[in-house]
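> Supplied in structure tokens, the structure appears directly below.
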Amino acid sequence: MAPRPDPSAAAANAGRPARATSLTSYPDGPVVLRGPFRLVDPAGVELRTHRRAVALCRCGRSRLGALCDGTHRSTGFRAPGGPPREVERVVTVPLPAETG
């Protein structure tokens, strides 16, 4: 499931400063996506969350599919590759205005 900018958020925020979309990886836990976004499955179907933040599963055992349900805690999930790296910079990308 790939995060995509939410064009309806752009229309709602016209004239306001752009908000950043961020991904935060938690040690041995989920990746949290915050800010304006859309989640789209491999078939192109949008998953509507109506939230400003979602936790994405990394353990692969969530009963909510791509969304974290906390199962990583009870299964002893350990993320591969060691501790997360520090982010060198944050990029704010303004969302395109909705057309139509």
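No value in this document is a laboratory result; all are computed from the given coordinates. Keep in mind that this is a model prediction, so the values were computed, not measured.
> Spelling out what I want: for every residue of the stretch 33-44, take phi, set θ = phi - 60°, compute 6.51 cos²θ - 1.76 cosθ + 1.60 (Karplus), and round to whole Hz; glycine and proline get x.
Listing the rounded values in order: 9, 10, x, x, 7, 10, 9, 10, 7, x, 7, x Hz.
> Shifting gears a bit: Please work out how much length the chain gains when fully extended from Leu23 to Val40, using 0.36 nm per residue of separation minus the C-alpha to C-alpha distance, in nm with one decimal.
4.5 nm
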